[in-house]
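The structure appears below as C-alpha cells.
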Amino acid sequence: MERSALYRRALAPITLFAGGIGVLAGILAFSLHIESLRAFGTLWLGVAMVAVAGAFLLARRQSLNDGELFWSPPTRRVAQALLAPLTVGLLVSAISIAGASSQDKADVALPVVWMLCYGCALHAAGFFAPRGVRLLGWFFILCAFGVFCTLFSAEPLRNAAAANIVMGVFFGVVHLVYGTYLYFTEQQKDVA
C-alpha cells in the first residue's frame, strides 16, 4: 500500500507535465495547420519523446528526493508492463510515417491506434500502481472506440484538424484533468 501511495504521488506531476505538453502541441499543430501524415506523425512522436523524457526526469528527481533507488524492482515491473503496448504504437507509427507519401493527409486513424496502445499500456501498468491508472487505461480504450465510431462514420470529420484536436484533448486535457485530480486528492491525504 505504501508503494502505491508513492506511485500516486509521482504520477501527479508527471501527468500534469504530459498534459501541458499535449495541450501546447495540440494548439501548435492546429494553429500551424499540420496536415500531412508525415508532419503529423513526426510532431506527435516528438511530443511523446519529450513527455517520456520529462516523466523520467520527474520520477528520477522524486526518487532522489525520497532517498530511494530509481530503477527498483517495482519500477522495472511497471516499465516492462508499458513496453509491449508502447512498442506496438511506435512500430505502427513508424510504418505509417515511412510509407506515407507527401500527399497523404493525417486523419484520426493514427490517433485511434495511439489511444488504444496507450490505454493498453496504462491498463497493464495499473496492476503495479493505483487502481485509477487501470481505469484511465480503460477510459482511453473506450474513447478510442468512440472516436473511431464517431469520426470514421462522418467522412467530413476525418481530417488533420480533427486528428490534432483528438490528440490535444486526449493526450493533453485528459492528462491535465487526471493530474489535477491526483494532485488535490493526494494533498488531502497528506493533510489528514
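Every read-out reported here was derived from the displayed coordinates using simple, explicitly stated rules and does not represent laboratory data. Just so it is clear, the structure is predicted and the values come from calculations on it, not from any experiment. Heads up, the Cβs are rebuilt from the backbone with ideal geometry, glycines too, and the neighbour counts pull from every protein chain shown.
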Length gained, A98-I27, 0.36 nm per residue minus C-alpha separation, equals 23.1 nm
Give me the extension gain from R131 to A79: residue separation times 0.36 nm, minus the current Cα-Cα distance, reported in nm with one decimal. 17.0 nm
Quick one: angle between helix 37-65 and the longest Cα principal axis of the chain, in degrees between 0 and 90, rounded to 10, please. 10
Measure nothing but the geometry: give the 0 to 90° angle between the long axis through the Cα atoms of 131-153 and the longest principal axis through the Cα atoms of the chain, rounded to 10°. 10
What's the FRET efficiency of F152 with E186 using the Cβ-Cβ distance as r and R₀ = 45 Å, to the nearest 0.05? 0.75
With an 8 Å cut-off on Cα pairs and a minimum separation of 6 or more residues, tell me the relative contact order of segment 2-186 in percent. 42
Could you work out the equivalent-ellipsoid semi-axes for segment 106-160, taking the square root of 5 times each eigenvalue of the Cα gyration tensor, largest first, in whole Å? 26, 10, 6
Rank by packing, highest mean first: peptides 95-104, 65-74, 128-137, 159-168, with packing defined as the count of other Cβ atoms within 10 Å averaged across residues. 159-168, 128-137, 95-104, 65-74
Extension length gain for W138 and A109 (0.36 nm per residue less Cα distance), in nm, is 8.6 nm
Efficiency of FRET from Cβ geometry, T42 and N65, R₀ 35 Å, rounded to 0.05: 0.50
